[in-house]
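The values are calculated or read from the model by the stated rules, or taken from the named source; none is laboratory data. Because the structure is a prediction, the values reported are computed rather than measured. Cβ coordinates were reconstructed from backbone atoms using ideal geometry, including for glycine residues, and neighbour counts include every protein chain displayed. Only protein heavy atoms, including side chains, enter the accessible area calculation; ligands, DNA and RNA are left aside. Shrake-Rupley method; radii C 1.70, N 1.55, O 1.52, S 1.80 Å.
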Amino acid sequence: MKRSFFAVAVLFSVSLLGCGGSDIEVQSEEPATASVESALCSSGTPACEQLDLTQCPKSGLKTNCCAFGNTYSCSCFAGVWACP
């Protein structure tokens, strides 16, 4: 009885190895992060890295930008947007 149980256990283990084992799919966290980021920034708000150091029409103006899921304020200084 003990030999047959051991033989069945070995055959089962070998069959798992031969088939590549169980299929466990690891979920990526990136889509969740992107959805959280888009939820925290209002739609149409430009990314801070795209707006920073680009030309702006008039010194003293302010606009919002989005970085890391948060909304920040950019200021127009000397004709260039300065964003955090």
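If you scan the stretch 56-79, which residues turn out to be over 15 Å from Cys41 (Cα atoms), of a type in the set (A, V, I, L, M, F, W, C) and open to solvent by less than 50 Å² (accessible area, probe 1.4 Å)?
Cys56, Cys76 - these are the residues of the stretch 56-79 that are over 15 Å from Cys41 (Cα atoms), of a type in the set (A, V, I, L, M, F, W, C) and open to solvent by less than 50 Å² (accessible area, probe 1.4 Å).
Select from the stretch 68-84 the residues that are among the aromatic types (Phe, Trp, Tyr) and in contact with a Ser or Thr (Cβ under 9 Å, 6 or more places away or on another chain) and write down the one among them that is farthest from Cys48 (Cα to Cα).
Of the residues in the stretch 68-84, the ones among the aromatic types (Phe, Trp, Tyr) are 68, 72, 77, 81.
If we keep only those that are in contact with a Ser or Thr (Cβ under 9 Å, 6 or more places away or on another chain) as well, we get 77, 81.
Working: Phe77: 15, Trp81: 10 Å.
For the stretch 68-84, the residue satisfying everything is Phe77.
List pairs: first in the stretch 60-84 and outside any strand (DSSP E or B), second charged (D, E, K, R) and open to solvent by 70 Å² or more (accessible area, probe 1.4 Å), Cβ under 7 Å, 6+ apart or cross-chain?
Short answer, once both residue conditions are applied: Gly69/Glu37.
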